[in-house]
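The values are calculated or read from the model by the stated rules, or taken from the named source; none is laboratory data. If you're wondering where the values come from, they're calculated on a predicted model, not measured in any experiment. Glycine gets a Cβ as well: all are built from the backbone with ideal geometry, and neighbour counts include every protein chain shown. Ligands, DNA and RNA are stripped out before the accessible areas are found, and what is left, the full protein with its side chains, is counted by its heavy atoms. Shrake-Rupley method; radii C 1.70, N 1.55, O 1.52, S 1.80 Å.
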Amino acid sequence: MITVSQIKTEIRFDSSGKKLELADMLDSKEVLKKKAAKILGIHMTDVSDVTILKHSIDARKKPQIFQVYTLGVTLKDKSLEEKAARRCKNSNVTLHTPPEYQFPPSGKSELKQRPVIVGMGPAGLFCGYMLARHGYRPILLERGYDVETRTRDVEAYWNGGSLNPESNVQFGEGGAGTFSDGKLNTLVKDKNGRNGEVLRIFVECGAPERILYENKPHIGTDILKRVVVNMRRAITENGGEVHFGAKVTELEIEQGALSGVRINDSEILPATQVVLAIGHSARDTVTYLDQIRIPMEAKSFAVGMRVEHPQRLINECMYGDKYGNMLPAAPYKLTAQTSTGRGVYSFCMCPGGYVVDASSEPGRIAVNGMSCSDRGSGKANSAIIVQVDPADYGANGPTAGIAFQRQLEEKAYLLGNGCVPVQYYGDYKRDQSSGSRLDPDSPQPDIKGAYRFSNLRGLLPVSCEQAFIEGMEQFDRVISGFAGDHALLSGIESRTSSPVRICRDETLQCPTVRGLYPCGEGAGYAGGITSAAMDGIRVAEQIAGSFCISAGLLGEIDLK
Ligand SMILES: Cc1cc2nc3c(=O)[nH]c(=O)nc-3n(C[C@H](O)[C@H](O)[C@H](O)COP(=O)(O)OP(=O)(O)OC[C@H]3O[C@@H](n4cnc5c(N)ncnc54)[C@H](O)[C@@H]3O)c2cc1C
């Protein structure tokens, strides 16, 4: 295959002003074949096929908006591909075969017990999927519930019901990622093809093919829920087991090696290989692990507030006001350095999405963002966050970051009187509550969950508050109106990543407990859906590469 990149075509807009979706924009194979043949200096009839490997939108020359493709070009006479590529002398033309992902062959030592995976977020799910697909019959334990039950619990809470500490936006099948924007891009460098494998499995389990080539692949919570259920089915069809409402409350350790896990403070499941993929919000489990001296360390993370704007404002800034609103909801990525040298940046931006009440503990409020696959809410939101280091929150022990997050979430709970506290940015700067000044024309928040206008000043530590305002003002110079009076703030964004890193050695095992594999975001080795899934695959490879499954291990476990 010859790879030809930087192929540009101008987007043709419909005079009716009809909004274009990706599928409407893509050029036909004929157009792309013609473009590729021209660059390669060959006749179009010599090209047997073109595959889109990458696609993005380039709006730097507004109002002209371009699509930029990287194509995989296959010639009718494959033996001519090398000659054509070499003769071309164009740096955008290379001979390239995408890295094939290889799962390792089984190891030599016999596995005495079936592997156990704690947590069914992306890390646990992909670890379980790979082990099941290769015959290791994993047992997955999830403290929360299946997607259907969980959705009912979350929506009941968002509509004013009580919070279920075991079934919420953080806990349950699919993990924290299920009620998300479903952005699948990651900055993790990967020469092993795991990133491609994650996207390929998402497609195999029901996600649209476009995620394989989109520059910023995204599926939205509606599609993600279906994909998660299909992955669960594939795991059980390949001999794996999934147990919901199964919280691991203790580890059984004998002479520095795992021998089992206790579930729901009651029965023990014998296990020698346990993947701890518990996510960044399993504070009770992390506190227990710290108590039994599982090596871990405090880690930097970031806190801030969600900011919401009309999507129209972002699209006009990104694509220009001529065609801005005829293109899909545009994302943005903003970073700033404050006068005190602190980093402020946008995080988990949700174009055409919603702010969500992502709390998991009674008496504490945390927010995040989500969207559906159509990104059609008409609102854009992201977290504007400030980096905090252990020094900022006076780390006296690895779990100090958890205490710091809890303090902020308790403050938010009080400011919102049990709901998500919100405020207009103008009032925030003026340090006055928005509650008293509501006029019918003011934009209303698009929040999943109950909210209440309040004054968010004092929610963030002073140094973070100043950095937040400085950042907002700098971002307003990039996106005019970003720091407008009616930009809507909601707080607190505290679960941006894990405040701890659970130590692991080069075999991905806990250095003091053999057979324990800290994994994913909660253990501090990932940030985001795809990187957590890649880490899950990495741990699956480690277990499979070390062990083979013995015939004796065929029995079902019976969790009463
Ligand atoms: C609202 C929201 C939107 C997001 N949007 C995006 C996005 O668009 N793109 C993106 O890349 N990332 C997004 N993220 C972040 C992403 O969801 C996480 O990075 C990712 O889910 C981490 O995966 P994980 O498997 O490591 O942990 P998690 O997904 O947190 O899963 C951990 C699982 O372990 C379970 N568990 C915890 N303790 C125990 C125990 N003791 N016993 C049994 N089970 C246990 C939990 O119930 C949970 O289901 C979002 C997060 C949230 C909350």
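Evaluate the relative contact order of the chain (contact order divided by residue number), counting alpha-carbon pairs under 8 angstrom at least 6 apart; express in whole percent. Write out the running numbers ahead of the final one.
Values: 1278 pairs, mean separation 104.5, N = 560.
Once divided by the residue count of the chain, the mean separation gives 19 percent.
Under a point-charge model restricted to the Cβ atoms of Lys and Arg (+1) and Asp and Glu (-1), what is the dipole moment magnitude of region 300-493 relative to its Cα centre, in debye to the nearest 20?
Value, rounded to 20: 140 debye.
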TODO: State, as an integer percentage, the relative contact order of region 300-493 based on alpha-carbon contacts under 8 Å between residues 6 or more apart.
DONE: 29
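Go through region 272-319 and name the trypsin sites (Lys or Arg not before Pro) that are in a DSSP coil and have 16 or fewer other Cβ atoms within 10 Å of their Cβ.
Arg293
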Open item on the list: Could you derive backbone 3J(HN,Hα) for region 404-411 from the dihedral phi with the Karplus parameters 6.51, -1.76 and 1.60 (θ = phi - 60°), listing whole Hz in sequence and x where the residue is Gly or Pro?
Closed with: 5, 4, 5, 4, 5, 5, 5, 4
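What net charge is computed for the residues neighbouring His55, neighbours being all others with C-beta under 12 Å from the C-beta of His55, Lys and Arg scored +1, Asp and Glu -1?
Values: positive: Lys8, Lys54, Arg210, Lys216; negative: Asp27, Asp58, Glu209, Glu214.
Spelling it out: positives minus negatives among the neighbours equals 0.
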- [ ] Mind ranking Ser91, Ser109, Ser167 by accessible surface for me, highest first, 1.4 Å probe?
- [x] Ser91, Ser109, Ser167
TODO: Which order do the peptides 56-68, 451-463, 370-382 take when ranked by the mean count of other beta-carbon atoms within 10 Å per residue, highest first?
DONE: 370-382, 451-463, 56-68
Open item on the list: Among 484-491, 320-327, how do they line up by average Cβ neighbours within 10 Å per residue, starting with the highest?
Closed with: 484-491, 320-327
- [ ] Mind running the shape call on the chain? Use the C-alpha gyration tensor, a ≥ b ≥ c as the square roots of the eigenvalues: rounded below 1.5 for a/c, prolate if a/b tops b/c, oblate otherwise.
- [x] oblate
TODO: Count the DSSP beta bridges whose two residues both fall in region 300-493, then state the antiparallel fraction as a percent rounded to the nearest 5.
DONE: 85
Open item on the list: Below 8 Å, C-alpha to C-alpha, sequence gap of six or more: please give me the relative contact order for region 2-95 in percent.
Closed with: 41
Open item on the list: Rounded, prolate or oblate for region 300-493? Axes are the square roots of the Cα gyration tensor eigenvalues, ordered a ≥ b ≥ c, and the cut-off for rounded is a/c under 1.5.
Closed with: prolate
Open item on the list: Quick check: the distance between the Cα centres of region 323-365 and region 222-257, to the nearest angstrom?
Closed with: 31
TODO: Enter the mean projected area of the convex hull around the alpha-carbon atoms of region 171-240, in nm², rounded to one decimal.
DONE: 5.2
Open item on the list: I'd like the distance between the alpha-carbon centres of region 466-488 and region 18-32, rounded to an integer number of Å.
Closed with: 35
TODO: Check cross-link reach from Lys429 to the lysines: straight Cα distance under 30 Å, and skip same-chain residues fewer than eight apart.
DONE: Lys333, Lys379, Lys411, Lys448
TODO: Give, rounded to the nearest 20 debye, the magnitude of the charge dipole that region 51-150 has about its Cα centre when Lys and Arg contribute +1 at Cβ and Asp and Glu contribute -1 at Cβ.
DONE: 400
TODO: Please sort 235-242, 73-80, 170-177, 355-362 by packing, taking for each peptide the average over its residues of neighbouring beta carbons within 10 angstrom, highest first.
DONE: 170-177, 355-362, 235-242, 73-80
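Which entries of Lys78/Lys225; Lys76/Lys189; Lys225/Lys247; Lys19/Lys76; Lys61/Lys216 show an alpha-carbon separation above 30 angstrom in the structure shown?
In this structure, Lys78/Lys225; Lys76/Lys189; Lys19/Lys76 exceed 30 Å between Cα atoms.
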Task: Distance between modelled label sites at Ile292 and His243, nm, 7 Å Cα→Cβ extension - done: 1.5
Task: Dipole of region 300-493, positive direction: furthest Cα of Met305, Ile469, Gly458, with charges on the beta-carbon - done: Met305
Task: Rounded, prolate or oblate (a/c below 1.5 giving rounded, otherwise prolate when a/b exceeds b/c) for region 2-95 by Cα gyration tensor - done: prolate
Open item on the list: Restricting to DSSP H runs of at least four residues, report the calculated mean residue ellipticity at 222 nm for the chain, -39500 (n - 2.57) per run over all residues, nearest 500 deg cm²/dmol.
Closed with: -8500 deg cm²/dmol
TODO: Please list the non-local residues whose amide H lies under 5 Å from the amide H of Arg514, H modeled 1.01 Å from N, same-chain partners needing a gap of 5 or more.
DONE: Ala257, Leu258
Open item on the list: I'd like the Karplus ³J(HN,Hα) series for region 115-125: coefficients 6.51, -1.76, 1.60, θ = phi - 60°, whole numbers in Hz, and an x wherever there's a Gly or Pro.
Closed with: x, 10, 10, 9, x, 10, x, x, 5, x, 5
- [ ] Quickly work out the Leu187-to-Asp321 label distance, labels modelled 7 Å from Cα along the C-beta direction, and quote it in nm with one decimal.
- [x] 3.3
Open item on the list: Of Asn381, Ile492, Gly144, which is farthest towards the positive pole of the chain's charge dipole, taken about the Cα centre with +1 and -1 on the beta-carbons of Lys, Arg and Asp, Glu respectively?
Closed with: Asn381
Open item on the list: For Leu184, what residues show an amide H to amide H distance below 5 Å, using hydrogens built from the backbone and excluding near sequence neighbours?
Closed with: His218, Ile219
- [ ] Mind ranking His43, His243 by accessible surface for me, highest first, 1.4 Å probe?
- [x] His43, His243
TODO: Mind listing the long-range amide H neighbours of Asn264? Cut-off is under 5 Å, sequence gap 5 or more, other chains count too, H placed in the peptide plane at 1.01 Å from N.
DONE: Lys247, Val248, Thr249
Task: In Hz, Karplus ³J(HN,Hα) per residue of region 337-344 (6.51, -1.76, 1.60; θ = phi - 60°; x = Gly, Pro) - done: 10, 8, 4, 9, x, 8, x, 10
Task: Positive dipole terminus of region 300-493, leading residue within Tyr425, Ala412, Cys348 (C-beta point charges) - done: Cys348
Open item on the list: If I model a spin label at Glu506 and Asp24 as a point 7 Å from the Cα along the Cα→Cβ vector, what separation in nanometres do I get?
Closed with: 5.5
Task: Nearest-0.05 FRET efficiency for Glu410 and Ser480, computed from C-beta distance (R0 45 Å) - done: 0.80
Open item on the list: Based on alpha-carbon centroids, what's the gap between region 93-120 and region 380-435 in Å, whole number please?
Closed with: 40
